[in-house]
1. Here is a list of conditions, (1) closer than 29 Å to residue 85 by Cβ; (2) open to solvent by 10 Å² or more (accessible area, probe 1.4 Å), and residue 225 meets all of them except one; can you say which number that is?
2. For region 42-59, name all the residues that are of a type in the set (S, T, N, Q), closer than 10 Å to residue 123 by Cβ and open to solvent by 10 Å² or more (accessible area, probe 1.4 Å).
3. Within region 150-188, take every residue that is touching a residue at least 40 places away in the same chain (Cβ under 8 Å) and among the basic types (Lys, Arg) and give me the one that is surrounded by the most Cβ atoms within 10 Å (Cβ to Cβ).
4. So if I check each of 246, 182, 238, 177, which one is over 22 Å from residue 59 (Cα atoms), modelled with pLDDT of 95 or more and assigned to a helix (DSSP H, G or I)?
5. Give me a count of the residues in region 189-218 that are surrounded by fewer than 17 Cβ atoms within 10 Å (Cβ to Cβ) and outside any helix (DSSP H, G or I).
6. Sort out which residues of region 153-174 are within 28 Å of residue 33 (Cα to Cα) and assigned to a loop (DSSP other than H, G, I, E, B), and write them in order of number.
7. Just need a number here: residues in region 249-267 that are in contact (Cβ under 8 Å) with a residue 24 or more places away in the chain and assigned to a loop (DSSP other than H, G, I, E, B).
8. Taking residue 165 as the residue in question, decide whether it is basic (Lys, Arg) and over 18 Å from the mean Cα position of the chain (by Cα).
Amino acid sequence: MDNDNTQQMVKELLKPINQFLQCETPDSWINEAIKPENLIPLLVDHCNCELKASQTAMFMVRKYAVDKQSGEALMAWAKPYEDFVYGGNNRSTAQFHSKKNGLLAPLTPRSDFSHGQELIDKMVRLIKEEFHHFEQVLEIMDKRGIPYSNLHAGRYAKGLMKAVRTHEPATLIDKLIVGAYIEARSCERFAKLAPYLDSELRKFYISLLRSEARHYQDYLTLAEKIAGTNIADRIRVIGNKEAELIMTPDDTFRFHSGVPITAIACV
């Protein structure tokens with residue numbers, strides 16, 4: 001870290017996150033992540049994770065909180081990003097730099113969901129920030145001559161979804177808790193990785209900490225309000241699953257992967 005103020009800021013942001021997470025990232029993952037040959041998959045997966053985070057939040061708003069017309073406005077907002085991801089050889093980052101991409105119409109909350117406006121407000125802010133982070137990672141990759149690619153996903157998100165209940169409103173509550181864990185883990189890993197990275201990436205990852213910490217809090221706040229009751233048991237169940245995914249052997253290296261198989265092989 002660069003100075004005492006930065007170190008103090010990071011320490012304060014991480015305190016509640018470390019209390020929320022049920023384990024720390026193991027040193028074996030950090031040791032794998034800082035290998036020069038893993039910088040490309042790390043950045044590409046980070047880029048993909050930012051877009052997936054925005055898509056997940058957008059899906060929740062469309063499914064639970066807004067009418068059809070507002071849902072279409074959300075899809076139009078996402079289109080330039082999805083065109084880029086699925087555009088194959090026709091991809092160009094120029095579409096992000098040439099104009100400011102944003103939500104072009106106000107969203108109308110559905111009358112049958114009392115928490116609709118709060119879900120919209122928190123998730124739209126999150127989506128906007130995740131899209132921006134996606135663009136920022138792409139810019140860093142462009143500068144380093146790293147092409148964008150569709151890496152196949154690791155087991156982490158799918159593994160967390162196995163803990164989600166299948167009836168409403170329990171499904172929504174659990175998905176929000178899952179979102180909180182993903183954002184909290186991202187924040188923890190950005191902070192753990194930063195000291196080992198070059199100055200550009202170190203500065204960038206530190207800059208992400210505040211928004212990632214807020215995203216985790218927003219997800220958790222929404223889960224508690226929508227449940228209307230204590231959700232500590234669900235936080236514990238999903239947290240147990242998250243810790244299991246982080247602390248067990250994983251044959252695919254990704255930003256949220258578990259203990260690298262290569263590390264186990266060396267023991």
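The values are calculated or read from the model by the stated rules, or taken from the named source; none is laboratory data. Because the structure is predicted, anything quoted here is derived from the model rather than measured. Cβ sites come from the backbone with ideal geometry, for glycine too, and all protein chains shown count toward neighbours. Surface areas here come from the heavy atoms of the whole protein model, side chains and all, with no ligands, DNA or RNA. Shrake-Rupley method; radii C 1.70, N 1.55, O 1.52, S 1.80 Å.
1. It is condition (1) that residue 225 fails.
2. Here is the first cut: in region 42-59, the residues of a type in the set (S, T, N, Q) are 48, 54-56.
So of that shortlist, the ones also closer than 10 Å to residue 123 by Cβ come out as 54, 56.
Answer for region 42-59, where residues must be of a type in the set (S, T, N, Q), closer than 10 Å to residue 123 by Cβ and open to solvent by 10 Å² or more (accessible area, probe 1.4 Å): just 56.
3. Once the filter is applied, the top-ranked residue is 185.
4. Numbers: 182 fails: over 22 Å from residue 59 (Cα atoms); 238 fails: over 22 Å from residue 59 (Cα atoms); 177 fails: over 22 Å from residue 59 (Cα atoms).
Among 246, 182, 238, 177, only 246 is over 22 Å from residue 59 (Cα atoms), modelled with pLDDT of 95 or more and assigned to a helix (DSSP H, G or I).
5. 1
6. Initially, region 153-174 is screened for residues within 28 Å of residue 33 (Cα to Cα), giving 153-163.
Of everything in region 153-174, those that are within 28 Å of residue 33 (Cα to Cα) and assigned to a loop (DSSP other than H, G, I, E, B) turn out to be 153, 154, 155, 162, 163.
7. Number of matching residues: 7.
8. Working: basic (Lys, Arg): yes; over 18 Å from the mean Cα position of the chain (by Cα): yes.
In short, yes.
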